[in-house]
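J.: Here it is: the structure, laid out below.
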Amino acid sequence: MGRVTSHFEQVKRMIRRPLLALAALLLAAPLWAASKPSFDDLVANLKSPNAKTRQEAAAALAKSRRREAVTPLAALVRDPEYKVRMEVVRALRDLRDPAAVPALVTLLGDGEADIRQEAIATIVEIYSDKERSGPVGRFLQIFSDEADRTSIAPYVKVEPSVYEGLAKALRDENGDVREAAALAIGILGLLSDESLEVRNRALQALSVLRVTEAGPALRQLYEENRRREWGLRVLETLSKIGDPAQAELFLQLVQDPDPERKRLAVEGLGRISDSSRLPAFKKDYQRERSDDVKLAYAFAISRMGDRAFLDSIVLSLPSRTLGTRSRGYILEMGRPILPDLYPYLNDPDAEVRAVLCDIIGLLGDPDAIPRLEPLVGDPSASVADRANRAIERLRRGNAPAQ
């Protein structure tokens, strides 16, 4: 009988243990549910003095998929902690709400390159309504030959602030960010926007900032508009960025009967600066009949290393038709050519001396001041005045460096 009782007690204990465990779990469930932060709690946690709490709150709000989370998340775009800001970008990406765009534009100026790059990709995702299939680099392969380049619907309007932010990102110190910005401009249709002003501003940004990463996109855009005025504008931008990958196109266009296309092709090759083309370019310079194209050859040859051809550019400075372009060529070549310019400060043509004073002042090298000082007493009042202004500009030290 004792053995039967003992066995019965063992069975009861075996049954009791899981029942007690289940009861404990059921009793704890309300407590667990109560401890799970509500949406309002998560928003409150974004203001926590604890960085990890803010980070976890941002991640949880992303999973909530509630659009009203955008505003409190946006308040953290300048959070002092890197991990918090990165979590905010990811949360805004997951929420995919256009209301997040202003915050993302702010993040384009973040101190961390990977956050800036993530912000660019997130902006593209919001407007293109596509989720990236991998890292930013793969997502932004939108310009590959296999990809569909019409990435956003025609009715989608991109906020002007996005363009402004991307234009600044085009001169980012980080190459990956510059590339992402250039490709994003194409993805967002700024180069094919129905507004001519938007298209021109996008082209201007790419050309002024010499964004070589935009070369492939510009090349296709040019091919699609080759015989239109817009195509010529695109070619001008392509010429200015000096993308070596476009050398073949420029070599083709050097034979183009249109002098404007030919000029832009010569300039483009000059900016690529392949010195192996010097002998051929010198021959072409001698045979060229168009003054515009000939001046472009002088610029290209000077860029390639033969500064003797700088003479043609400097002596064209007083020209009404070629002066503006000559001035632009010299400013583009920048401070390295200053030693080659100084002898022309004694040129017999007062207009050459005067314009050179302006240019040297703009190049911003204070070491040029002793070279300019003798011209303050120049017989030409115009030369003396402009030399004086250039000296003062250089002394103030606010001239833009080239």
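J.: Would you check if there is a residue in segment 321-329 being under 22 Å from P374 (Cβ atoms) and open to solvent by less than 30 Å² (accessible area, probe 1.4 Å)?
T.: No, the conditions are met nowhere in segment 321-329.
J.: Being under 28 Å from E351 (Cα atoms) and either without any contact (Cβ under 8 Å) to a residue 60 or more places away in the chain or surrounded by fewer than 21 Cβ atoms within 10 Å (Cβ to Cβ) (or both) is the requirement here; does F299 meet it?
T.: So F299 passes the test.
J.: Does L345 meet the test of being in contact with a Ser or Thr (Cβ under 9 Å, 6 or more places away or on another chain) and either open to solvent by less than 10 Å² (accessible area, probe 1.4 Å) or of a type in the set (A, V, I, L, M, F, W, C) (or both)?
T.: no
J.: Looking only at helices (runs of 4 or more DSSP H) that fall completely inside segment 211-287, which ones have 2 or more residues that are in contact (Cβ under 8 Å) with a residue 60 or more places away in the chain and under 27 Å from the mean Cα position of the chain (by Cα)?
T.: Passing ranges, in order: 215-224.
J.: Restricting attention to segment 78-100, report how many residues are of a type outside the set (K, R), within 20 Å of D172 (Cα to Cα) and surrounded by fewer than 22 Cβ atoms within 10 Å (Cβ to Cβ).
T.: Total satisfying the criteria: 2.
J.: Quick one: which of T53, T71 is over 32 Å from the mean Cα position of the chain (by Cα) and closer than 26 Å to R116 by Cβ?
T.: Among T53, T71, only T53 is over 32 Å from the mean Cα position of the chain (by Cα) and closer than 26 Å to R116 by Cβ.
J.: Another question, if that's okay. Is it the case that E179 is open to solvent by 40 Å² or more (accessible area, probe 1.4 Å), modelled with pLDDT under 80 and outside any loop (DSSP other than H, G, I, E, B)?
T.: Against the criterion (open to solvent by 40 Å² or more (accessible area, probe 1.4 Å), modelled with pLDDT under 80 and outside any loop (DSSP other than H, G, I, E, B)), E179 qualifies.
J.: Sticking with this structure for a sec: How many residues does segment 56-110 contain that are among the basic types (K, R), under 21 Å from S128 (Cβ atoms) and in a helix (DSSP H, G or I)?
T.: Of the residues in that region, 3 qualify.
J.: Related question: Of the residues that make up segment 385-401, is at least one modelled with pLDDT under 95 and either in contact with a strand residue (DSSP E or B) (Cβ under 7 Å, 6 or more places away or on another chain) or of a type in the set (D, E) (or both)?
T.: Checked segment 385-401: no residue is modelled with pLDDT under 95 and either in contact with a strand residue (DSSP E or B) (Cβ under 7 Å, 6 or more places away or on another chain) or of a type in the set (D, E) (or both).
Yes/no matrix, rows are residues, columns are (1) more than 20 Å from G165 (Cα to Cα); (2) open to solvent by less than 20 Å² (accessible area, probe 1.4 Å):
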site: A214; (1), (2): no, yes
site: G231; (1), (2): yes, yes
site: V234; (1), (2): yes, yes
site: K240; (1), (2): yes, no
site: F250; (1), (2): yes, yes
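The values are calculated or read from the model by the stated rules, or taken from the named source; none is laboratory data. Since we're looking at a predicted model, the values are computed, not measured. With ideal geometry, Cβ positions are generated from the backbone for all residues, glycine too; neighbour counts draw on all protein chains shown. For accessibility, only protein heavy atoms count, side chains too; no ligands or nucleic acids. Shrake-Rupley method; radii C 1.70, N 1.55, O 1.52, S 1.80 Å.
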